[in-house]
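These notes concern the structure reproduced below.
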């Protein structure tokens, strides 16, 4: 299992993913689930993947190699819009399903993959999509400016309460790190290190791309500060008047 989250804000985009992949309690590995597609000063896109690692890697490799359409070989480096990019990712998922889906079912494995795709093409709008295992997708909006995949339930409450479209990028980083810390504390299948990317609207390159490890000083501040703030908050709530 994994946890990935993306924010599409007025100022830009914040993307965060863990790196733990496991096939049992004694077979744990680290794989980056963040994949960047970039042409300098023309386009910048990032994919976060969750689900079956082999399926996710097959989809990413197919997007690098290209998908042949009726007219040409199409990749994320050639699509004209972010909407078309989301369509292409969906088509890559469906093609991998046609290749591997039956074999997975025969071995009692489900075809499990979900993807966050965010980015911007010069002269067009920043957009963030979530692509499902059927190849269909939804888009983040100002009303719902964040999307999650993987083990998302533990990290969702803080985002529901605090993230708004006009949240600045610094606060966005704080919130996704708190969201990740909540998930790490509650689910052992999600693990460090974690990959963080911050993208400022119109930049066509990341402002921050950072791998955060267990000994990262700022993440330690997030962990300890959030725990202390929660303890102080519940203690400050008035006692129920009907309790003796």
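No value in this document is a laboratory result; all are computed from the given coordinates. Here the structure is a predicted model, which is why all the values come from computation and not from measurement. Every residue, glycine as well, gets a Cβ built from its backbone with ideal geometry; the counts of neighbours run over all protein chains shown.
I'd like the distance between the alpha-carbon centres of region 104-178 and region 1-22, rounded to an integer number of Å.
So the separation of the two Cα centres works out to 7 Å.
Once you have all Cα-Cα distances for the chain, histogram them in 5 Å bins from zero and send the whole-percent values.
Percent of Cα pairs in each bin: 1, 6, 13, 17, 18, 16, 11, 7, 4, 2, 1, 1, 0, 0, 0, 0.
Can you tell me the FRET efficiency between residue 144 and residue 104 if r is taken as the Cβ-Cβ distance and R0 is 30 Å, rounded to the nearest 0.05?
0.45
Run lengths n ≥ 4 of DSSP H only: what is the helix-derived mean residue ellipticity at 222 nm for the chain, with -39500 (n - 2.57) per run over all residues, to the nearest 500?
-11500 deg cm²/dmol
For a Förster distance of 25 Å, can you work out the FRET efficiency between the beta-carbons of residue 215 and residue 189, rounded to the nearest 0.05?
0.70
Report the relative contact order of the chain, percent, no decimals, based on alpha-carbon pairs under 8 angstrom and at least 6 residues apart.
Reported relative contact order: 27 percent.
Expected output is a single nm value to one decimal: the length gained when fully extending between residue 165 and residue 208, i.e. 0.36 nm times separation in residues minus the C-alpha distance. What is it?
Full-extension gain reported as 13.5 nm.
Full-extension gain between residue 81 and residue 232, please, as 0.36 nm times their residue separation minus the C-alpha to C-alpha distance.
Extending this stretch completely gives an extra 49.6 nm.
Using the number of other C-beta atoms within 10 angstrom as an exposure proxy, rank 190, 163, 208, 14 with the fewest first.
Neighbour counts put them in this order, fewest first: 208, 163, 190, 14.
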